[in-house]
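These notes are about the structure you will find just below.
The values are calculated or read from the model by the stated rules, or taken from the named source; none is laboratory data. This is a predicted model, so every value here is computed, not measured. Using ideal geometry, Cβ is built from the backbone for each residue, glycine included, and neighbour counts are taken over all protein chains shown. The protein model used for the area step is the full one, side chains on, heavy atoms only, and it has no ligands, DNA or RNA in it. Shrake-Rupley method; radii C 1.70, N 1.55, O 1.52, S 1.80 Å.
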Amino acid sequence: MVRPLRVAAAQVGRIDRGTPRAAVISRLNALLDQAAERGVKLAVFPETTFSTFFPRYWIEDQAEIASYFEKEPVEGIACCETVKAFFDKAATLGVDVAIGYGEETPDGTRFNTASYVSDRKTVGKYRKVHLPGTFEPFSKDPSVTNQLEKYYFKPGDYGFKAFRAPSLKKACGGEKSPIVGQLICNDRRWAEGWRVYGLQGVEIMCIGYNTTAWAPQLWGIDPDSMTREEAYADAMFHHKLVCQTNAYTNSTFLITSARCGKDDGIYPLISGSMIVDPEGHIVAENKTEEDELVVADIDLDACQQGKTKTFAFAKHRRVEHYGLICERAGVVEPEEPEEA
Ligand code: CDT
């Protein structure tokens, strides 16, 4: 291996609406311990890791909503005392972490955020751009899974900024620090963000997610058209399809980590935590639906195959034809020709 690195997807299983933050942190700390014991240098955790996936609920109690957000100093890391213990432990163990959480800024704006933190310092921060779902609940009936991210969060305002992780430079041969990018859940379905990272030479993409395994109202399908097992398999298929495709077309490793299990015993989330190589192959994946560390030894030099040949962007891209991508959000179909 030319630029070796041991990395992990830290999958997190069932978390209920009432699960105390301290109980979650102690599980995350156990995953950090395992990571350190196994010599992992970077562990990627899921989206909104510190709580259940609260955007599935229509919540009227403002105090409960506020409890799902970390209030941060402008340049700092998530800082409630319970959560701080997690970052302290990661620093003590020498493990870099990329982790998702609800962020509330000093002016009260709320984002769905992921931070790459090394030795208690934020090295890179990303705010989710593609917020799925609706502003209004599908239903206020708690048996229905809502997707209210548009209601609880503002769309991310940082764009897709790749960054170097100098803390990993020594571990991967000492020549160059890895180039890292972050996306969150639904973002992984959109080629646009991936390509912006690809154009910055990304070598490691970190993506946490909460993907519901049963939400026909969200997907627009007839609930009687498939069983729950078929729906789970379909959600997993699409997850792997976009992850493997976009890692391949941008010649990057991907570490992707699920919040999974059946929250509250009612709401199923898919697993599918994995590490994908720059040729699109899965090199390690989860075996359970619970807390689990998925570990792989990767060689960052493997990104060069795609970056210098099939996807050598500077040689092959034809930007003169891509204008519509930035000019237009929605579809405008060509006009029907008049019949002769
Ligand atoms: N959390 C999140 O972003 N979930 C979305 C649901 C979209 S359903 C097509 C996801 O992409 O998994």
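Things to note:
- Peptides 206-218, 302-314 ranked from most to least packed give 206-218, 302-314, packing being the mean of other C-beta atoms within 10 angstrom over each peptide's residues.
- Pairs over the 26 Å Cα-Cα cut-off, from the set Lys161/Lys287; Lys169/Lys307; Lys71/Lys121: Lys161/Lys287.
- Leu131 sits with roughly 20 Å² accessible to a 1.4 Å probe, with DNA, RNA and ligands left out of the calculation.
- When the chain is treated as a Gaussian network with alpha carbon springs shorter than 10 Å, the biggest mean-square fluctuation among Cys185, Cys260, Cys80 belongs to Cys80.
- In this structure the chain gives 46 Å² per residue of accessible area when probed at 1.4 Å with all protein chains present.
- Surface calculation, 1.4 Å probe, protein heavy atoms: Trp190 sits at approximately 110 Å² accessible.
- Beta bridges by DSSP in the chain, antiparallel share as percent, to the nearest 5: 60 percent
- Surface composition of the chain: carbon and sulfur atoms hold 54% of the protein heavy-atom accessible area at a 1.4 Å probe.
- Relative contact order computed over the stretch 119-195 (Cα-Cα under 8 Å; 6+ residues apart), in percent: 31 percent
- In Å², nearest 10: area of Ser51 left accessible to a 1.4 Å probe: 10 Å²
- Cα-based radius of gyration for the chain, normalised by 2.2 N^0.38 Å, reads 0.99.
- Summing Cβ point charges (Lys, Arg +1; Asp, Glu -1) relative to the Cα centre of the chain gives a dipole of roughly 1540 debye.
- Per-selection Kirkwood Rh - the stretch 251-340 (Cα, Å, 1 d.p.): 17.4 Å
- For the stretch 1-155, a crude dipole built from +1 on the beta carbon of Lys and Arg and -1 on the beta carbon of Asp and Glu, taken about the Cα centre, is about 560 debye to the nearest 20.
- Placing +1 on the Cβ of every Lys and Arg and -1 on the Cβ of every Asp and Glu, with no other charges, gives the stretch 193-243 a dipole of roughly 280 debye about its Cα centre.
- In order along the stretch 273-287, phi translates into HN-Hα couplings of 5, 6, 10, 10, 8, x, 9, x, 7, 7, 9, 7, 8, 5, 10 Hz, rounded to whole numbers, per the Karplus curve 6.51 cos²θ - 1.76 cosθ + 1.60 with θ = phi - 60° and x for Gly and Pro.
- Across the protein chains, with a 1.4 Å probe defining accessible surface, the residues His321, His238, His130 rank His321, His238, His130 from largest area downward.
- Listed residue (Val129, Gln182, Gly306) projecting farthest to the positive dipole end of the stretch 4-327, Cβ model: Gly306
- Between the stretch 162-207 and the stretch 111-143, the C-alpha centres lie 18 angstrom from each other.
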